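Notes follow once the structure below has been shown.
Laboratory data are not the source of any read-out in this text; all were calculated from the coordinates shown. Owing to the predicted nature of the structure, the values given are computational and were not obtained by experimental measurement. Every residue, glycine among them, receives a Cβ derived from its backbone with ideal geometry; neighbour counts consider all protein chains shown.
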Amino acid sequence: MDAQPHITPIRTYTTVFAILIALTLLTVSTALSDMGVWHTPIAMGIAVTKAILVFLFFMHLLHSPKLIWLVAGGTLVWLSIMFALTLADYWSRGIVGKYQ
Amino acid sequence: MTTTERVPLAHHFETPEQQHAAALLGMWMFLITEVLLFGGVFLGYVIYRVNMHEEFVQASEHLGQSVFGLTHVPFLGGLNTIVLLGSSFTMALAVRAAQSGNAAGLVRNLGLTMILGTTFLGVKAYEYTHDWHLGLIPGIKFDHTAWVGSSVNSRHVELFFVFYFVLTGLHAIHMVIGMGILAVLWMRSRRGRFSAAYYTPIEIAGLYWHFVDVVWIFLFPLLYLIRH
């Protein structure tokens with residue numbers, strides 16, 4: 001790591017916090033409106049955006065060494081394997097929609 | 001650095017900087033295991049939500065309140081989202097205060113984070129009490145008669161609440177643990193144990209606190225915002 005840590009300006013934290021609050025209000029208002037098939041993709045898109053903001057700024061990923069980026073990226077890889085293989089199994093065996 | 005001698009350096013590290021970097025890496029590695037813990041329950045939730053969509057929509061509406069003449073508004077869930085984002089903000093300011101050697105700012109922001117964390121848990125406790133009175137506790141106090149005559153299978157509604165209580169309960173346990181960590185750090189900060197040269201525990205606790213916030217960022221739309 002750097003001998004001197006990167007100190008983020010307070011203004012950056014305030015801006016990120018304001019965006020996070022705005023996105024929360026946005027996700028509630030879109031959830032209460034009729035978005036059709038886009039309902040879930042919009043809600044998840046907003047959640048992913050908020051999570052990325054927290055990771056990059058609040059958790060200092062932006063100014064972290066490459067090793068930390070590798071660990072954070074590795075998390076996504078393992079999570080994707082778990083989701084992709086499990087859902088592929090359920091879909092390919094026709095289990096989805098069985099209880100409707 | 002005149003304060004370097006105050007940094008507790010374990011014998012297997014060459015420098016305080018190396019020790020700090022190793023501690024951060026270790027915390028990120030721990031957070032990976034946490035992602036997979038919550039991820040497993042999320043995956044189960046996704047599979048059942050696709051299968052029992054109609055019941056999950058109706059169950060989710062029960063987490064809302066009537067506000068300004070509108071029904072099923074996720075008011076308490078939304079309020080808690082904002083409270084938790086606020087606590088992440090003050091936690092980030094606490095880490096920043098520690099980095100800049102601002103002892104008073106560190107104590108103040110850790111205190112604010114604990115107040116917001118307590119507020120979150122208070123609202124959660126109120127919600128759980130409300131769920132109890134509505135008979136929405138799966139297996140213990142679930143009112144199947146309320147769903148007689150409707151088109152939905154009340155057993156599937158009950159399953160939604162299994163996921164609701166496991167996910168929010170697991171999250172609340174993480175919050176309680178985080179509050180304990182913050183209380184210890186708050187007392188140590190008041191005694192002046194941290195400086196710009198040594199604040200690793202503050203930064204590690206910050207990573208944990210922000211992670212718990214990220215979990216809620218996904219829990220909120222998944223549990224409270226299913227409407228269509």
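On average, how many beta carbons from a partner chain sit within 10 Å of the beta carbon of a residue in A:56-65?
5
Under 15 Å from the Cα of A:LYS50, which aspartates and glutamates turn up, not counting those fewer than eight places away in the same chain?
B:ASP213
Fewest Cβ neighbours within 10 Å first, please rank B:SER189, A:SER64, B:SER195 accordingly.
Working: B:SER189 26, A:SER64 20, B:SER195 16.
So the ranking, lowest neighbour count to highest, is B:SER195, A:SER64, B:SER189.
Loop only per DSSP, at most 14 neighbouring Cβ atoms within 10 Å: give me the trypsin sites (Lys or Arg not before Pro) in region A:16-100, ordered by residue number.
Taking region A:16-100 and a limit of 14 other Cβ atoms within 10 Å, the loop trypsin sites (Lys or Arg not before Pro) found are A:ARG93, A:LYS98.
If you take each beta carbon of peptide B:98-106 and count the beta carbons of other chains within 10 angstrom, what is the mean?
Other-chain Cβ atoms within 10 Å of each residue's Cβ, averaged: 1.
Semi-axes of the equivalent ellipsoid for region B:124-165, please: Cα gyration tensor eigenvalues, times 5, square-rooted, ordered largest first, whole Å.
Values: eigenvalues 70, 25, 12 Å².
Value: 19, 11, 8 Å, ordered largest first.
Among B:SER66, B:LEU112, B:LEU79, whose Cα projects farthest towards the positive end of the dipole of region B:1-117, with charges put on the beta-carbon of Lys, Arg (+1) and Asp, Glu (-1)?
Comparing the listed Cα positions along the dipole, B:LEU112 ranks first.
Give me a single rounded figure for B:212-222: the average over its residues of other chain Cβ atoms within 10 Å of their Cβ.
Numbers: counts 0, 6, 9, 1, 2, 12, 6, 1, 7, 14, 4.
Partner-chain Cβ atoms within 10 Å, mean over residues of B:212-222: 6.
Just the number: Rg to Rh for the protein assembly as shown, Cα atoms, Kirkwood Rh, two decimals.
Radius of gyration relative to Kirkwood radius: 1.01.
Order the peptides B:55-63, B:117-125 from the highest to the lowest mean number of other Cβ atoms within 10 Å of their residues.
Output ranking for B:55-63, B:117-125: B:55-63, B:117-125.
Does region B:16-70 come out rounded, prolate or oblate by the C-alpha gyration tensor, with a ≥ b ≥ c the root eigenvalues, rounded set by a/c under 1.5 and, if not, prolate when a/b is larger than b/c and oblate if not?
Cα axes put region B:16-70 in the oblate bin.
At what distance in angstrom do the alpha carbon centres of region A:51-70 and region B:26-89 lie from each other?
23
Explain nothing, just the number: dipole magnitude of region B:1-139 about its Cα centre with +1 on each Lys and Arg Cβ and -1 on each Asp and Glu Cβ, in debye rounded to the nearest 20.
Using only the charged Cβ atoms, the result is roughly 360 debye.
Taking the convex hull of the Cα atoms, report for chain B its projected area averaged over all directions, in nm².
Reported value for the Cα convex hull: 14.8 nm².
So if I place +1 on the C-beta of Lys and Arg and -1 on the C-beta of Asp and Glu, and nothing else carries charge, what would the dipole magnitude of the protein assembly as shown be about its Cα centre? I want it in debye, nearest 20.
It works out to roughly 540 debye.
When a footprinting reagent is the concern and you count Cβ atoms within 10 Å, what order do B:TRP147, B:TRP216, B:TRP209 take, fewest first? Don't jump to the answer; show the numbers that get you there.
Working: B:TRP147 19, B:TRP216 24, B:TRP209 27.
Lowest count first: B:TRP147, B:TRP216, B:TRP209.
For the residue pair B:TYR126 and B:THR145, what label-to-label distance in nm results when each label sits 7 Å from Cα along the Cα-to-beta-carbon direction?
3.0
Debye sum, Cα scatterers, chain A, no solvent: what log₁₀ I/I(0) at q = 0.11, 0.18, 0.21 1/Å?
Taking Cα atoms of chain A as identical point scatterers yields -0.55, -1.03, -1.13.
Roughly how far apart, in whole Å, are the Cα centres of region A:9-34 and region B:184-218?
For region A:9-34 versus region B:184-218, the Cα centre distance is 24 Å.
For region B:39-88, just run the numbers: alpha carbon Rg, then divide by 2.2 N^0.38 Å, N being how many residues it has.
Output field value: 1.42.
Can you tell me the FRET efficiency between B:THR15 and B:ARG190 if r is taken as the Cβ-Cβ distance and R0 is 25 Å, rounded to the nearest 0.05?
Details: r = 28 Å, r/R0 = 1.13.
Efficiency for this residue pair is about 0.35.
Report, to two decimal places, the Cα Rg of region B:110-207 normalised by 2.2 N^0.38 Å (N = number of residues).
1.57
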